[in-house]
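Presented below is the structure to which this report refers.
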Amino acid sequence: MSSATLMASLAVLISLICVTLASGAAGVRIELTRIHSGPGVTASQFVRDALRRDMLRHDARRRLAASDDGMVSAPTKMYSSILGEYMMALAVGTPPVSYPAIVDTGSDLIWTQCAPCSDQCFNQPTPLYNPANSTTPLSMCEVAPAPGCSCPYNQTYGTGWTAGVQGTETFTFGSSPADQTRIRGIAFGCSNASSDDFKGSSGARGSWGWAGATTSTLLLGTSASLDGAGVGSTPFVTSPSTALDNYYYLNLTGISLGTTALSIPPDAFTLNADGGGGLVIDSGTTITALVDSAYQQVRAAVVSLVTLHTKDGSESELDLCFALPSPTSAPPDMPSMTLHFDGADMVLPPESYMITYTDNSQWCLAMQNQTSGMLPSILGNYQQQNMHILYDVRKEMLSFAPAKCSMF
């Protein structure tokens, strides 16, 4: 699948759970596919591409945090090897028109390109959504805009921008006919212009493979319940900045490696009055980024436990890497890492914070140093693997428990 195919898809939010719950519909089960990269792309290239894409997302957040009105306009570049991390299928309108969709908790607009579209739209293999062909659309802008927003939009990402007008439509969710549920009145964006970055990297469906793709499950509505032994819950924290209030902030109070609590300053993850700092959980960021005072403690703790020789970080693009004796060598045993949240602990096994790549010759800490005081720390999706995570947007609560997601 080409990167244009990914961007031709909708940007989908976990907050859709709120819509499903409010509708009273039965639970919905949707298959997710994690896009690793194109055919022939090595694990090393995947990590480099993911880090570059994360950097673009961080840059976009930095510009957004620095703007007074929340509107951003800046030249951007798209790295075409990967864009979306988790993909799902959904359909818009009546009759339903299916689109591949990016599940991204770090974006706040559901959108797709609509007909008629200007000459600035990028090519896509799926048909443009045409409101005139649907028997269920409501008038554009009939949906009440959120405070501080207007019906026209200009959405900027780390990988480009898109512009159009908001409307509402009927969406169909579910991976199979037996699981499908139709929800009316979902607000979404009809884009009629997008940056040339998307257009320049367009291609036909199937020109990229889903190398090493693995599947998981997205549950909406009643299916998304999570209870029982081993479940931890922590409240979302509201950002004081309207420019960043679409992110899911959490109160991280500390980190332990094994039984050792790291000497991280108490205010390392404090969300400041100006919107700076804090920590967000994001499905669209791959590698966790920690504020410098916390990252240095994690780095030092890992170094103290590993006797392998360190490698130059410039080769791997990760800051801390160790040289494995041979491609068949197993990494040394490491303790679990525990993220201490307000009211709950999230335990990460070694494979969720260390990564082996470069033809199995390096073993690296899958975390980055967040040196910008304007940006929050970010809990990325690599650290969320094999975790059942529930976003309860009604109760403003995140719940989680260990799970074998490929078997879910």
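What follows is calculated from the coordinates using simple rules that are stated; it is not laboratory data. Treat the numbers as computed from the prediction; the structure is a model and nothing was measured. Virtual Cβ from ideal backbone geometry, glycine too; neighbours counted across all protein chains shown.
At-a-glance table
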| item | result |
| --- | --- |
| Cα gyration tensor shape of the range 223-274, rounded if a/c is under 1.5, else prolate or oblate by comparing a/b with b/c | oblate |
| Nonlocal amide H pairs with Q362, under 5 Å, H built at 1.01 Å | L324, Y357 |
| 5 angstrom amide H check on C121, placed H, neighbours 5+ away | S194 |
| Calculated FRET efficiency for the pair S336/A193, C-beta based, R₀ 41 Å, to 0.05 | 0.30 |
| Gap separating the Cα centres of the range 166-187 and the range 96-112, nearest whole Å | 12 |
| Three-way shape label, the range 339-407, alpha-carbon gyration tensor, a/c 1.5 | oblate |
| Ordering of 275-287, 299-311, 336-348 by packing [mean C-beta count within 10 Å, highest first] | 275-287, 336-348, 299-311 |
